[in-house]
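Enquirer: I have a structure here, written as C-alpha cells, and I will follow up with some questions on it.
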Amino acid sequence: MSQADPNEDIPLAAEYVLGLLDAPSRTRAAERARSDDAFRMEVEAWERRLAPLIDEVAPRGPPAAVWDRIAQSLEHPGNVVPLRARPSLWNRAGPWRAATAASLAAAAILAIFAVRPAPAPPASAGARLLAATLAAPDGKVLYVATLDAGRSGVIVTPVGATNAGDRATELWLIAAGGKPRPVGLLAGHGPQLLPVSASLRSAEAAKAVLAVSLEPPGGSPTGAPTGPVIASGVIASL
Amino acid sequence: MNQDSARERLVEALRRAGQGDASALRDIYETTSAKLFGVCLRILGEPAEAEDVLQEVYMIVWRRAATFDAGRASPVTWLATIARNRSIDRLRAQPAGRWAPMEAAAHVADAAPSAEFAIQDAQGARRLNGCLDELEEPHRKAIRAAFLDGLTYETLARQAEVPLGTMKSWIRRSLLKLRTCMEA
C-alpha cells in the first residue's frame, strides 16, 4: 500500500470522482481505490457529496434493443452481442475497404450469426488471451497487439518502422458486424497499454480486426477512420 | 412513489440480482435505465455510444450486485457512479478530438428531478447546493460541467477562456472549500 498523503489524496480523489483525470492517471486512481482503503473511503465520500448533482440530469428512455442485448448476454455469458451492425458506414470509410475487404466478408457472416445467439462458450472464454499481428499491405509486420482481459486493455508494440510523417497513427477495433471503433493514438515507440471497453475485449473480440490508420494530429476528427490504413490484422485467440 | 419504498425496492432487487436472479436485474433496469441512459448520453453525446455503455453498465451491475452494501452507499448513487465511470472511461479512451461533446449536451435539456428516481437525499442535496453557492460563479460552473458533462481540465479552461493552470487551481481550491463546507 502506498504512503497516503492527505494533502494530495483529497484533491486526487475528488478529481477522480469528477472525471478530470486523463486516461493513465484515471486508471492509476481506479487501481488505488481498489487497493488502498483510505483512498477508497475518500473517493466514496466524494461520490456521496456530489451525488445530488445527478438529479440535474434529464432522464431519457433507452431503445428497447438495449435490454434485449442485456438479456441475451445474461443467457450466454461471454457472448456479448454487438449492439449495432451498420454496414452502410463501411461505404463511407473508403480507405478501409481495400485493407479489410476480406475481414468485412468475415464480419458480415458473423453479423448474421449474431442475430441468433451462438451456443454459450465455455465459462473460461472471457479470460482468454487474444493477440494480433498487424501487417502492412506488403505483408511486413508493423505492430503486435495483445488483448489482456485481466488488465482491461490492449498492449500494442511497434515492431517495424512506420513513416507517419507529422500525422498521428490511430488504432481501431472492428468487431464482427460493427463499425471501426477508435481505441487510441499510438505513441510509436515502445509497448503501450490502451484501455479497451469490456464489450471489445470479450470473447467476441476474437476474429475482430485491429487496424492502424494515418490521421490528422490529435486523431480522427470524426470518430471514424479518415486516412489510409497502414497495418491491419485479425485477432486470434491464443 | 414514496421515496423510501422505492429505495427499499431497489435495495431488495440488488440483493436478488446478487444471488443470480435475472428477473431482479430486469426490475432494476425498468426503474433506473432512463436515468442512467440520461447520464451516459449527457457525457458521451452520441446515442449509439451511450447505448453501448448502458449495456455494459447493467452487465457490471449484474456481476457486482452481490458486492453492493446498502450501509455504505444509496443504491441510486451506486448505480449512477457506475454509469458515470463507464461513460468517462469510454470518453477518455477516444482520441482528443472527441473529448468535448458540448453540442450534444446542448440537445439534452435538463428536466426537473424525477421524483421516482431521485438521489433521495434531500438533506445532502441542500448541503451540497448551499456549499456550491458559496463558491464563485465560474468555479461552481466548472465543477458542475466536470461532473455532469465529463469535461477535462483542458476543455473547461478553453470554455472559461483561462489558462490551464488557472482552471486547475480554481477547481482544486473549490473542492477543498466544498469539502470543508460539507463536513462542517
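The values are calculated or read from the model by the stated rules, or taken from the named source; none is laboratory data. This structure is a prediction, so every number in the text was calculated from the model and none was measured. Virtual Cβ from ideal backbone geometry, glycine too; neighbours counted across all protein chains shown.
Enquirer: Kindly list the number of the only condition in (1) under 24 Å from residue B:122 (Cα atoms); (2) buried (at least 20 other Cβ atoms within 10 Å of the Cβ); (3) within 7 Å of chain B (Cβ to nearest Cβ) that fails for residue A:56.
Expert: Result: residue A:56 fails condition (2) only.
Enquirer: Right, something else. So if I check each of B:66, B:100, B:93, B:83, which one is of a type in the set (Gly, Ala, Ser) and modelled with pLDDT of 95 or more?
Expert: Exactly one of B:66, B:100, B:93, B:83 is of a type in the set (Gly, Ala, Ser) and modelled with pLDDT of 95 or more, namely B:83.
Enquirer: A further question on this structure: Please indicate, with yes or no, whether at least one residue in the range B:8-22 is closer than 28 Å to residue B:144 by Cβ and assigned to a helix (DSSP H, G or I).
Expert: yes
Enquirer: If we only count helices (runs of 4 or more DSSP H) wholly inside the range B:130-184, which ones have 1 or more residues that are touching a strand residue (DSSP E or B) at 6+ places or on another chain (Cβ under 8 Å) and in the same structural domain as residue B:87 (by TED's automatic domain parsing)?
Expert: No helices (runs of 4 or more DSSP H) qualify here.
Enquirer: Within the range A:206-238, can you find the residues that are surrounded by fewer than 24 Cβ atoms within 10 Å (Cβ to Cβ), under 23 Å from residue B:54 (Cα atoms) and either at pLDDT below 75 or of a type outside the set (S, T, N, Q) (or both)?
Expert: A:206, A:223, A:224
Enquirer: Go through (1) under 25 Å from residue B:41 (Cα atoms); (2) more than 10 Å from chain A (Cβ to nearest Cβ); (3) crowded, with 19+ Cβ neighbours inside 10 Å and name the single condition residue B:170 misses.
Expert: Among (1) under 25 Å from residue B:41 (Cα atoms); (2) more than 10 Å from chain A (Cβ to nearest Cβ); (3) crowded, with 19+ Cβ neighbours inside 10 Å, the lone unmet condition for residue B:170 is (1).
Enquirer: Going by the conditions given, is residue B:112 modelled with pLDDT of 90 or more and more than 7 Å from every other protein chain (Cβ to nearest Cβ)?
Expert: Answer is no for this residue.
Enquirer: Cβ contacts < 6 Å: first residue surrounded by 18 or more Cβ atoms within 10 Å (Cβ to Cβ), restricted to the range B:63-83; second residue part of a loop (DSSP other than H, G, I, E, B), any location; separation 6+ or different chain. Result?
Expert: B:76/B:119; B:78/B:68
Enquirer: Out of the range A:211-235, which residues are over 17 Å from the mean Cα position of the chain (by Cα) and under 17 Å from residue A:188 (Cβ atoms)?
Expert: Matches in the range A:211-235: A:214, A:215, A:216, A:217, A:218, A:227, A:228, A:229, A:230, A:231.
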